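Here the structure comes first, spelled out in structure tokens, and everything after it is commentary.
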Amino acid sequence: MIRINLLPHREEAKKAKREQFFVLTGLVVALGALIVFAIYTMISASIDNQASKNDFLKKEIAVLDKQLDEIKRLKEQTQALLSRKQVIENLQRDRGETVYLLSELVKQVPEGVYLRSLKQDGLRVNISGYAQSNARVSALMRNLEASPWLESPQLIETKAGVLNGRRINEFGMNFVLTRAKPEEMKVKK
């Protein structure tokens, strides 16, 4: 009988299977490393892409902030110019008021009434003076009420006194200066 030794054949088969296992394990590890590298590269590229987008947005926001500051500065300048324009228009409109006031007072003060002081605060005017009688003070109030430029006379006080040996009535009065309407100003020019 012939005797065959099968041990080396089994040993070779085991050795071949072991080599096949290590080759497959190496291939799986290499494939896993390749997949990890690909995923890492994609995530890194995505992060870099988002960072560049963020940088672009920051630059655009900075540009818009500068434009907003410019707009705010222009609005402030516009507001300042409008307020200056309003002041100039008010001065232009009010420049003749003092002339009208003095002209009307000359016309409306009756004989026997002497003005001692005149004070204007905006449209409100305060006068004080001397009159020969209370009737003259009343006549002054009626004249002021009838004037187209003066209105709402209010007697503050009246008291008797003596000036240069004559009996007089000292008085204080407030009234309001009427603003001329722009249409009236154009007609009178």
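Determine whether region 137-150 contains at least one residue that is small (Gly, Ala, Ser), touching a residue at least 40 places away in the same chain (Cβ under 8 Å) and touching a strand residue (DSSP E or B) at 6+ places or on another chain (Cβ under 7 Å).
Within region 137-150, the first condition is being small (Gly, Ala, Ser), and the residues that meet it are 138-139, 146-147.
Subset that is touching a residue at least 40 places away in the same chain (Cβ under 8 Å): 147.
Next, only the ones that are touching a strand residue (DSSP E or B) at 6+ places or on another chain (Cβ under 7 Å) stay: none.
Taking every residue of region 137-150 in turn, none turns out to be small (Gly, Ala, Ser), touching a residue at least 40 places away in the same chain (Cβ under 8 Å) and touching a strand residue (DSSP E or B) at 6+ places or on another chain (Cβ under 7 Å).
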Quiz item: Does Ala180 satisfy the criteria of being exposed (fewer than 14 other Cβ atoms within 10 Å of the Cβ), aliphatic (A, V, I, L, M) and at pLDDT below 85?
Solution: no
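Scan region 57-75 and give yes if some residue there is part of a strand (DSSP E or B) and polar (S, T, N, Q), otherwise no.
Residues of region 57-75 part of a strand (DSSP E or B): none.
No, region 57-75 has no match at all.
Could you tell me whether any residue of region 98-109 is exposed (fewer than 14 other Cβ atoms within 10 Å of the Cβ), basic (Lys, Arg) and assigned to a strand (DSSP E or B)?
Initially, region 98-109 is screened for residues exposed (fewer than 14 other Cβ atoms within 10 Å of the Cβ), giving 98-99, 102-103, 106-107.
The next check asks that each one be basic (Lys, Arg); those that pass are 107.
With the extra rule that they be assigned to a strand (DSSP E or B), the set shrinks to none.
Checked against the condition, which is being exposed (fewer than 14 other Cβ atoms within 10 Å of the Cβ), basic (Lys, Arg) and assigned to a strand (DSSP E or B), region 98-109 yields no hits at all.
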Quiz item: Going through region 95-122 one residue at a time, which ones are in contact with a Lys or Arg (Cβ under 8 Å, 6 or more places away or on another chain) and in contact (Cβ under 8 Å) with a residue 60 or more places away in the chain?
Solution: Glu97
Quiz item: Quick check, is Asn126 of a type outside the set (A, V, I, L, M), surrounded by 15 or more Cβ atoms within 10 Å (Cβ to Cβ) and free of Cβ contacts under 8 Å to residues at least 60 places away in the same chain?
Solution: yes
Quiz item: In this structure, does Arg136 turn out to be of a type in the set (D, E, K, R), modelled with pLDDT of 85 or more and under 30 Å from Met173 (Cα atoms)?
Solution: no
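Rundown of residues vs (1) of a type outside the set (Phe, Trp, Tyr); (2) in a strand (DSSP E or B), yes/no style:
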| position | (1), (2) |
| --- | --- |
| Lys85 | yes, no |
| Asn90 | yes, no |
| Tyr130 | no, yes |
| Ala135 | yes, no |
| Asn143 | yes, no |
| Pro148 | yes, no |
| Arg167 | yes, yes |
| Phe171 | no, yes |
| Val176 | yes, yes |
Quiz item: Would you pick out the residues in region 96-122 that are under 18 Å from Arg179 (Cβ atoms), within 39 Å of the chain's Cα centre (by Cα) and modelled with pLDDT of 80 or more?
Solution: Gln120, Asp121
Exercise. Go through region 164-174 residue by residue and tally those that are at pLDDT 85 or above and out of contact with any Ser or Thr (no Cβ under 6 Å at 6 or more places or on another chain).
Key: 3
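The values are calculated or read from the model by the stated rules, or taken from the named source; none is laboratory data. Note that the structure is a prediction, hence the values are computed from the model and not measured. Here the Cβ is made from the backbone with ideal geometry for all residues, glycine too, and neighbour counts use every protein chain on show.
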